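Any read-out appearing in this document is the output of simple, stated calculations on the displayed coordinates, not a laboratory observation. Since the structure is predicted, the reported quantities are computational estimates derived from the model, not experimental observations. We place every Cβ from the backbone using ideal geometry, glycine too, and count neighbours over all the protein chains shown.
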Amino acid sequence: MTVTLFATILTIGAVANALLTEAIKKAYENAGKTYSPNMVALIDAAVIGGLGTAAVYMLLGVPWSVNNIICLCIMIAAVWVASMIGYDKVLQLAQQIERIKPVAGENTAEKKEGAKNGNESAD
C-alpha cells in the first residue's frame, strides 16, 4: 500500500466514520439510551476502516500480503483516532470559545456605555 492510498482511505474513512458516529449518537440520545461515544466511534471505525480498506484492496487488486493486512489493522486504528479528533475536538473548541470570559479589569458593559456617550476608546 502506498502512502497516498493510505492517506486517501484515511481521509475518506475518517469523514465517513465521524458522520456515522454522530448520527448514531443522535439516535441514542433521541431514544434516551446511554452510550460511550468512544466505543461507538471504535466500532464504526472497525467497520468503515476495515471493510473500506478491504474493498479498496479488492477493487484495486492489491495482494493480501502480511504487510497489507497489517496496514488494514493500522487503518482501523487510524480512522478511529482521526474521526474522534476531527469532530469531537472541533465541538470542544467551539464550546470553549463560547465560554471565554472578558479579561480581568475589562468591563464590556462600561465599554458599551462609553460607546453610547461618544468615547473613542470603546470597541
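Details
- Extended-chain gain in nm, criterion 0.36 nm per residue less alpha-carbon gap, I24 and V47: 6.9 nm
- Packing-based ranking of 63-71, 13-21, 39-47 yields 13-21, 39-47, 63-71, ordered from highest to lowest mean Cβ neighbour count within 10 Å.
- Note, ³J(HN,Hα) from phi for the range 5-11, Karplus 6.51, -1.76, 1.60, rounded to Hz, x at Gly and Pro: 5, 4, 5, 5, 5, 4, 5
- Distance between the 7 Å Cα→Cβ label points at V15 and M39: 3.0 nm.
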